[in-house]
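Colleague: Let me begin by handing over the structure; questions about it come next.
The values are calculated or read from the model by the stated rules, or taken from the named source; none is laboratory data. Predicted, not measured: the structure shown is a model, and the values here were computed from it. Every residue, glycine among them, receives a Cβ derived from its backbone with ideal geometry; neighbour counts consider all protein chains shown.
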2 protein chains.
Amino acid sequence: MNCKNIAIVGLGLIGGSVLKALQGFENATFYGIDLDETVLSEAKKQGLISNETLTSAEILKLADVVFVCLPPDATLSFINSNIFKENALITDVSGVKQAICKKITQPDLNYIGGHPMAGKEESGFAASDAKLFQNASYLLTPTPEHKQEHIELLQKMALYMGFRETVLTNPEEHDRMIAYTSQLMHIVAVALCDSERLDDSKRFSAGSLRDCTRVAKLDSNLWTRLFLLNKEDLVDCIDEFSESLKKVRNLIAEEKESELKAFLEEASDRKRRFLA
Amino acid sequence: MNCKNIAIVGLGLIGGSVLKALQGFENATFYGIDLDETVLSEAKKQGLISNETLTSAEILKLADVVFVCLPPDATLSFINSNIFKENALITDVSGVKQAICKKITQPDLNYIGGHPMAGKEESGFAASDAKLFQNASYLLTPTPEHKQEHIELLQKMALYMGFRETVLTNPEEHDRMIAYTSQLMHIVAVALCDSERLDDSKRFSAGSLRDCTRVAKLDSNLWTRLFLLNKEDLVDCIDEFSESLKKVRNLIAEEKESELKAFLEEASDRKRRFLA
């Protein structure tokens with residue numbers, strides 16, 4: 001398919017990184033859309049976009065591919081309230097997929113949900129990095145009606161941006177898996193930091209505290225929405241984890257030594273298999 | 001104090017690393033004690049120890065400083081059942097301290113509890129590394145009766161081995177702090193891996209899963225004992241964490257958006273202050 005003009009909407013950490021990582025892709029021309037004029041100026045100054053005096057609406061009329069890199073609610077309202085070029089491919093980077101995919105109201109839009117599994121503690125365009133996606137997984141949620149050429153184009157772009165692999169899944173599976181692999185880990189990290197114990201523990205801490213709480217330094221606006229938009233899957237996941245925690249807690253409290261050892265061994269073996 | 005002869009008991013990951021990191025310290029002579037003859041041969045071959053044909057009892061008669069680097073129960077029984085040189089300084093590396101310090105039966109022994117806050121996923125002498133302690137914290141639990149020169153010698157050795165700092169504390173505070181900074185993190189990591197969800201999640205995973213479960217690949221024999229030997233502090237800690245988890249779980253389930261955001265913000269700010 002034609003991929004002459006690429007628009008990135010929202011030049012934050014992810015949008016900025018997509019823009020930087022895609023530079024040079026099939027000699028395409030890049031355009032940026034952002035409410036923050038200083039970010040647009042900076043992207044222009046760095047030679048990353050060719051907006052000139054075009055308005056957002058004019059850019060969307062030109063764009064063959066549109067990456068919507070906004071928070072989830074803004075992503076949905078942007079897609080539902082703008083007019084895109086005929087046959088343009090629209091994709092997003094939101095960490096929940098049913099809440100977007102199932103609520104798109106524009107008929108016949110070539111929308112494919114996307115979720116680049118990458119991030120870092122800093123946010124904003126200044127933190128964006130062409131190398132952010134290296135060795136990461138790029139999840140795509142096409143529907144059965146999607147044209148193969150659109151999926152292939154996104155896979156080609158993913159490879160170009162440095163992703164390790166693209167994974168084709170559906171919004172339901174995506175949200176169920178992500179509740180565990182990403183959302184639960186963030187919940188655990190913040191719950192571990194919801195303690196006065198943390199304040200005094202610097203001199204007593206080692207790698208395990210650092211790693212288990214690494215993602216606690218999160219964007220609370222974004223994650224509040226991500227958690228609520230995936231409420232059911234996430235609550236299931238937290239409940240299952242709480243049961244595991246209770247199990248090991250009781251084995252310790254009741255000094256059931258051999259059962260405790262078996263529990264640790266099984267969990268630890270499962271992690272070894274995961275790594276293998 | 002005199003520090004001509006240093007004995008390391010148990011040449012596993014920690015003992016081997018102490019042996020390697022201390023090489024050259026004040027021109028001391030090093031001796032190794034281990035039930036595994038092949039490990040002793042390897043340490044001799046690498047020029048790390050000067051055992052010659054000395055028996056363990058003979059080594060202990062010579063040693064001015066003895067590092068007991070065994071699992072906690074073995075540490076206690078080794079210290080209680082051996083004869084040491086008069087005025088020798090005995091220290092250990094066990095991750096719990098009350099269970100050792102309070103149970104030493106030898107009167108007038110110069111024992112100072114120690115806990116190098118370092119480790120890695122591999123174990124055994126082959127995994128030991130002179131650089132293991134770099135940037136780590138070394139916790140010491142001297143009693144008020146300890147001679148200042150003994151404490152200073154351990155601090156000097158810690159600096160030589162590359163530790164970032166030595167922290168003087170008491171066994172009670174040590175165990176209470178470590179229940180949170182290390183033991184709870186290991187409990188969380190194994191409880192996160194106590195799920196079939198992990199098996200399918202490789203393609204859907206990113207850094208948060210990797211980091212939160214990093215320490216799940218643990219030595220189940222060792223950690224079973226460490227958990228049970230610090231049962232009360234650890235169960236307190238798990239219960240407090242479970243409450244935090246329940247709190248955030250209910251905010252999500254009941255869609256209390258502003259309270260959820262405030263919870264995330266507070267925990268995340270606490271982590272930022274910790275890092276500052």
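Colleague: Report whether or not A:E149 is touching a residue at least 12 places away in the same chain (Cβ under 8 Å), under 30 Å from B:M117 (Cβ atoms) and more than 9 Å from chain B (Cβ to nearest Cβ). Write out each step before concluding.
Modeller: Details: touching a residue at least 12 places away in the same chain (Cβ under 8 Å): yes; under 30 Å from B:M117 (Cβ atoms): no; more than 9 Å from chain B (Cβ to nearest Cβ): yes.
It is false that A:E149 is touching a residue at least 12 places away in the same chain (Cβ under 8 Å), under 30 Å from B:M117 (Cβ atoms) and more than 9 Å from chain B (Cβ to nearest Cβ).
Colleague: Residues of the stretch B:227-262 being surrounded by 22 or more Cβ atoms within 10 Å (Cβ to Cβ) and either more than 7 Å from chain A (Cβ to nearest Cβ) or basic (K, R) (or both), which ones?
Modeller: B:N230, B:C237
Colleague: Within the stretch A:158-182, track down each residue that is more than 9 Å from chain B (Cβ to nearest Cβ) and either within 14 Å of the chain's Cα centre (by Cα) or at pLDDT below 95 (or both).
Modeller: A:A158, A:F163, A:R164, A:T166, A:P171, A:D175
Colleague: Given the structure, is B:M185 in the same structural domain as B:L11 (by TED's automatic domain parsing) and modelled with pLDDT of 95 or more? Before you say what the answer is, go through the steps one by one.
Modeller: On the way: in the same structural domain as B:L11 (by TED's automatic domain parsing): no; modelled with pLDDT of 95 or more: yes.
No.
Colleague: Just checking, does the stretch B:187-202 include any residue being under 17 Å from the mean Cα position of the chain (by Cα) and not aromatic (F, W, Y)?
Modeller: Let us first name the residues in the stretch B:187-202 that are under 17 Å from the mean Cα position of the chain (by Cα), namely B:187.
Cutting the leftovers down to not aromatic (F, W, Y) gives us B:187.
For the stretch B:187-202, residues under 17 Å from the mean Cα position of the chain (by Cα) and not aromatic (F, W, Y): present.
Results for (1) of a type outside the set (D, E, K, R); (2) touching a residue at least 24 places away in the same chain (Cβ under 8 Å); (3) out of contact with any Leu (no Cβ under 8 Å at 6 or more places or on another chain), shown as yes or no for each residue.
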residue: A:D175; (1), (2), (3): no, yes, yes
residue: A:Q183; (1), (2), (3): yes, yes, no
residue: A:R214; (1), (2), (3): no, yes, yes
residue: A:T224; (1), (2), (3): yes, no, no
residue: A:F227; (1), (2), (3): yes, yes, no
residue: A:D233; (1), (2), (3): no, yes, yes
residue: A:F241; (1), (2), (3): yes, yes, no
residue: A:K247; (1), (2), (3): no, no, yes
residue: A:R273; (1), (2), (3): no, no, yes
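Table: residues versus (1) modelled with pLDDT under 95; (2) of a type outside the set (D, E); (3) over 23 Å from A:R203 (Cβ atoms).
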| site | (1), (2), (3) |
| --- | --- |
| B:A99 | no, yes, no |
| B:P107 | yes, yes, yes |
| B:E121 | yes, no, yes |
| B:S128 | no, yes, yes |
| B:K131 | no, yes, no |
| B:P144 | yes, yes, no |
| B:K156 | no, yes, no |
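Colleague: Determine if the stretch B:267-276 includes at least one residue that is aromatic (F, W, Y) and more than 7 Å from chain A (Cβ to nearest Cβ). Quick ask: steps written out before the conclusion?
Modeller: The initial filter retains those residues of the stretch B:267-276 that are aromatic (F, W, Y), namely B:274.
Checking which are more than 7 Å from chain A (Cβ to nearest Cβ) leaves us with none.
No, because not a single residue in the stretch B:267-276 is aromatic (F, W, Y) and more than 7 Å from chain A (Cβ to nearest Cβ).
Colleague: Might you let me know whether the stretch B:189-201 holds any residue that is of a type outside the set (G, A, S), in contact with a Phe, Trp or Tyr (Cβ under 8 Å, 6 or more places away or on another chain) and within 28 Å of B:K102 (Cβ to Cβ)? I'd like the intermediate steps shown before the answer.
Modeller: Keep residues of the stretch B:189-201 that are of a type outside the set (G, A, S), which gives B:190, B:192-194, B:196-200.
This time we only want the ones that are in contact with a Phe, Trp or Tyr (Cβ under 8 Å, 6 or more places away or on another chain), so: B:190, B:192-194, B:197-199.
Next, from what is left, pick out any that are within 28 Å of B:K102 (Cβ to Cβ): B:190.
Within the stretch B:189-201, one or more residues are of a type outside the set (G, A, S), in contact with a Phe, Trp or Tyr (Cβ under 8 Å, 6 or more places away or on another chain) and within 28 Å of B:K102 (Cβ to Cβ).
Colleague: So, one more: Return the total of residues in the stretch B:183-198 being within 7 Å of chain A (Cβ to nearest Cβ) and closer than 18 Å to A:K256 by Cβ.
Modeller: Filtering the stretch B:183-198 down to residues within 7 Å of chain A (Cβ to nearest Cβ) leaves B:185-195, B:197-198.
From what is left, the residues that are closer than 18 Å to A:K256 by Cβ are B:186-187, B:190-191, B:194.
Summing the residues that are within 7 Å of chain A (Cβ to nearest Cβ) and closer than 18 Å to A:K256 by Cβ in the stretch B:183-198 gives 5.
Colleague: Out of the residues in the stretch B:8-29 meeting the condition of being in contact with an Asp or Glu (Cβ under 9 Å, 6 or more places away or on another chain) and in a strand (DSSP E or B), tell me which one is surrounded by the fewest Cβ atoms within 10 Å (Cβ to Cβ).
Modeller: Residues of the stretch B:8-29 in contact with an Asp or Glu (Cβ under 9 Å, 6 or more places away or on another chain): B:8-13, B:15-17, B:20-21, B:28.
Going one step further and asking which of them are in a strand (DSSP E or B), we end up with B:8-9.
Numbers: B:I8: 30, B:V9: 25.
If we take residues in the stretch B:8-29 being in contact with an Asp or Glu (Cβ under 9 Å, 6 or more places away or on another chain) and in a strand (DSSP E or B), then B:V9 is surrounded by the fewest Cβ atoms within 10 Å (Cβ to Cβ).
Okay, residues lined up against (1) hydrophobic (A, V, I, L, M, F, W, C); (2) in contact with a helix residue (DSSP H, G or I) (Cβ under 8 Å, 6 or more places away or on another chain):
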position	(1), (2)
A:D200	no, yes
A:A216	yes, yes
A:D219	no, no
A:L229	yes, yes
A:I238	yes, yes
A:S242	no, yes
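Colleague: Another question, if that's okay. Does the stretch A:199-207 include one or more residues that are more than 30 Å from B:L140 (Cα to Cα) and facing chain B (nearest Cβ under 7 Å)?
Modeller: no
Colleague: Hey, another quick one. Taking B:T141 and the conditions (1) among the hydroxyl-bearing types (S, T, Y); (2) surrounded by fewer than 23 Cβ atoms within 10 Å (Cβ to Cβ); (3) touching a Ser or Thr at 6+ places or on another chain (Cβ under 7 Å), which numbered condition does it fall short on, given that it satisfies the others?
Modeller: (2)
Colleague: Then there's this: Tell me, please, whether a residue that is in contact with a Lys or Arg (Cβ under 8 Å, 6 or more places away or on another chain) and more than 7 Å from chain A (Cβ to nearest Cβ) can be found in the stretch B:208-220.
Modeller: No, because not a single residue in the stretch B:208-220 is in contact with a Lys or Arg (Cβ under 8 Å, 6 or more places away or on another chain) and more than 7 Å from chain A (Cβ to nearest Cβ).
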